[in-house]
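The values are calculated or read from the model by the stated rules, or taken from the named source; none is laboratory data. From a predicted model like this one, the values you see are computed outputs, not experimental measurements. Quick reminder, even Gly has a Cβ in these numbers, built from the backbone with ideal geometry, and neighbours come from all protein chains shown.
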Amino acid sequence: MADLETHMSPFTAQTPATQTPTTLTIDGDAVTAEKTFDVINPATGETFATAPETTVEHVDAAFDAAARAFPDWRADEDARRATLRAMADAVDAAAGAVAPVLTAEQGKPLSESQRELRTAALWLRYYADLEREREVIRDDRDALVEVVRRPLGPVAAIAPWNFPITIGVAKVAPALRAGNTVVWKPSPFTPLSTLMLGEALRAVAPAGVLNVITGGGEIGAAMTAHPLTRKISFTGSTATGKKIAAAASADLKRLTLELGGNDAAIVLDDADPGRVAERLFATAFSNSGQVCVAPKRVYAARSVLPALVDALAERARAAKVGDGADPATELGPINNAPQRDRVAELVADALARGAVAAAGGKAIEGPGYFFEPTILTGVGDGVRIVDEEQFGPALPVIAFDDVEDALARANASTFGLGGSVWSGDADRATAVAARLESGMSWVNTHTALSAGQPFAGVKWSGLGVEGGLWGLDGFTDIKLIHRAR
Ligand code: NDP
């Protein structure tokens, strides 16, 4: 604790309240709301701005606008590509103003907010430029048979609070490119940066093509149950994902769910503990651990475990925790009080059950939702922090003696998002990684993502795929055209 306090930044953010937006984007217009809700800066625990509280009438207006815009938007692919490129330019132009607001409402370091906006522009350009080959499956004397992809209609895009912009744009970009129109809702914990992008994109996207609304309570449910919604693309918790799947079933709305994860990292006995610790720390503690596809439990060969834990603990103690607006900050706060309390509860439970904190172990006192970067040992399966998704800056390291046993324990989870294997022998590691029950497996790295790769989860980690052509196809239905000759 003493170590961490010295690393806490005394810097206080100049919260950019005066620049924050106050309007929804519906049918290309700035729309105000009668009521607002508070937005808290997690570095101070204080309200720094308010956001418009969408009503069910706003939801109706947004989907009506999206449905009206759909026929023209789906009709001209070249225009869609050009608009996506213009949207990318608009995101770049707005990034300087949006990034500090993203840091103020989310907590992450300003450099990471800037990177998040650059990544959003990159996704828009990627989908603007992506080529899809014509799919002729038969061309002979008797028939020309072709498979074409058709857009679905208005899409409900619902994003969480860990990466409000990149997760939102990773839905918006392929949905629009495929010819759909979108109603986009960020989490009420992080509404402002998305509202600002809505304002920036109003001038670029035709009216009704991209609508942005904010609010909590029944708004998300109203979007998923709306009769005009043809597809729901959701990222968030598994519990909410199941509710959304139930809501979609009544109308057979198409569905992509990117849900939680509890990724295992398996460190083999020939791995270099120092090198592994550096990369594991970078991926497990990025965004203060609030990443769906981050290492969340480490299974280490007993012979390398002591050196690995020492190196991880040293790295955790050296991490500079503070307000994301301070350029020196490496790890910001946890985004919200319920999430901070959940992480604290899971760590306290592990300690009460015999775990040892090699670094950290508790929340940092004072304003804001800060938590000590925590490395736990002496913990095993059956303890909540190993079995559940902690989604915060705390990492359990568990010993194993037999690789088969480690693999079985890694796979004994309802989750199946990502996973990794670390070794001096990449072939040996790849053979193990291929047997992980996960949508994505990495060797000697973790969370290596790009717009062109499939982002997929198995079991309770998701349904459907984002990214690349797979993600584009997720916003279409297949249609067969068979021409007899
Ligand atoms: P939720 O899944 O509850 O919320 C995510 C989004 O879904 C928000 O925009 C939320 O808005 C909306 N939402 C909630 N209920 C419904 C509904 N019935 N229909 C439609 N939309 C809905 O996540 P939390 O913020 O509560 O976080 C809880 C846990 O989720 C975390 O501890 C973490 O484990 C996990 N999580 C996983 C993420 C990931 O990337 N996979 C990201 C964030 C969290 P509103 O609250 O206004 O309804």
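All conditions in (1) at pLDDT 95 or above; (2) more than 18 Å from the chain's Cα centre (by Cα); (3) within 9 Å of the ligand (Cβ to nearest atom) hold for residue 125, with the sole exception of (3).
Here's the yes/no breakdown for (1) more than 8 Å from the ligand (Cβ to nearest atom); (2) among the aliphatic types (A, V, I, L, M):
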residue: 217; (1), (2): no, no
residue: 224; (1), (2): no, no
residue: 227; (1), (2): yes, no
residue: 252; (1), (2): yes, yes
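Tallying residues that are closer than 30 Å to residue 167 by Cα, part of a helix (DSSP H, G or I) and of a type outside the set (A, V, I, L, M) within region 295-316 yields 1. Where residues in region 229-250 are more than 6 Å from the ligand (Cβ to nearest atom) and among the basic types (Lys, Arg), which of them is surrounded by the fewest Cβ atoms within 10 Å (Cβ to Cβ)? Only one residue tops the list, namely 242. Under the condition of being assigned to a loop (DSSP other than H, G, I, E, B) and either in contact with a His (Cβ under 7 Å, 6 or more places away or on another chain) or under 21 Å from residue 257 (Cβ atoms) (or both), the residues counted in region 410-449 number 11.
Residues that are of a type outside the set (S, T, N, Q), crowded, with 22+ Cβ neighbours inside 10 Å and either closer than 24 Å to residue 448 by Cα or within 16 Å of the ligand (Cβ to nearest atom) (or both) within region 322-339 comprise 324, 331, 332, 333, 334, listed in sequence order.
For (1) hydrophobic (A, V, I, L, M, F, W, C); (2) within 27 Å of residue 122 (Cβ to Cβ), each residue gets a yes or a no:
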position	(1), (2)
409	no, no
424	no, no
445	no, yes
456	yes, yes
481	yes, no
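Scoring residue 283 on the criteria (1) touching a strand residue (DSSP E or B) at 6+ places or on another chain (Cβ under 9 Å); (2) polar (S, T, N, Q); (3) within 13 Å of the ligand (Cβ to nearest atom); (4) under 19 Å from residue 371 (Cβ atoms) leaves a single failure, condition (3). The C-beta contact set for region 406-422 (first residue under 13 Å from residue 382 (Cα atoms), second residue of a type in the set (Gly, Ala, Ser), distance under 6 angstrom, 6+ apart or interchain) comprises 410/264. Within region 191-208, being buried (at least 24 other Cβ atoms within 10 Å of the Cβ) and either assigned to a strand (DSSP E or B) or of a type in the set (Val, Ile, Thr) (or both) holds for one residue alone: 194.
Scanning region 209-219 for residues that are crowded, with 24+ Cβ neighbours inside 10 Å and more than 20 Å from residue 476 (Cβ to Cβ) turns up 211, 212, 213, 214, 215. If the condition is being not β-branched (Val, Ile, Thr) and not in a loop (DSSP other than H, G, I, E, B), then region 360-377 contributes 363, 371, 376. Scoring residue 188 on the criteria (1) part of a loop (DSSP other than H, G, I, E, B); (2) within 17 Å of residue 29 (Cβ to Cβ) leaves a single failure, condition (2). Evaluation of residue 93 against the conditions (1) more than 30 Å from residue 367 (Cα to Cα); (2) in a helix (DSSP H, G or I); (3) free of Cβ contacts under 8 Å to residues at least 40 places away in the same chain shows that the sole unmet condition is (3). Residues in region 164-185 include at least one that is of a type in the set (Phe, Trp, Tyr), within 14 Å of the ligand (Cβ to nearest atom) and surrounded by 24 or more Cβ atoms within 10 Å (Cβ to Cβ). Taking the criterion of being in contact with a strand residue (DSSP E or B) (Cβ under 7 Å, 6 or more places away or on another chain) and of a type in the set (Val, Ile, Thr), the residues of region 22-59 that qualify are 22, 23, 25, 26, 31, 32, 36, 39, 40, 47, 50, 54.
Yes or no, residue by residue, for (1) touching a strand residue (DSSP E or B) at 6+ places or on another chain (Cβ under 8 Å); (2) part of a helix (DSSP H, G or I):
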{"position": "264", "(1), (2)": "yes, no"}
{"position": "293", "(1), (2)": "yes, no"}
{"position": "344", "(1), (2)": "yes, yes"}
{"position": "348", "(1), (2)": "no, yes"}
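The single condition from (1) under 26 Å from the mean Cα position of the chain (by Cα); (2) surrounded by fewer than 24 Cβ atoms within 10 Å (Cβ to Cβ); (3) under 24 Å from residue 387 (Cα atoms) that residue 305 fails is (1). Within region 160-178, not a single residue is at pLDDT 95 or above, more than 22 Å from the chain's Cα centre (by Cα), over 22 Å from residue 22 (Cβ atoms) and charged (D, E, K, R).
Inside region 381-395, residues that are part of a helix (DSSP H, G or I) and either touching a His at 6+ places or on another chain (Cβ under 6 Å) or buried (at least 23 other Cβ atoms within 10 Å of the Cβ) (or both) make up a count of 2.
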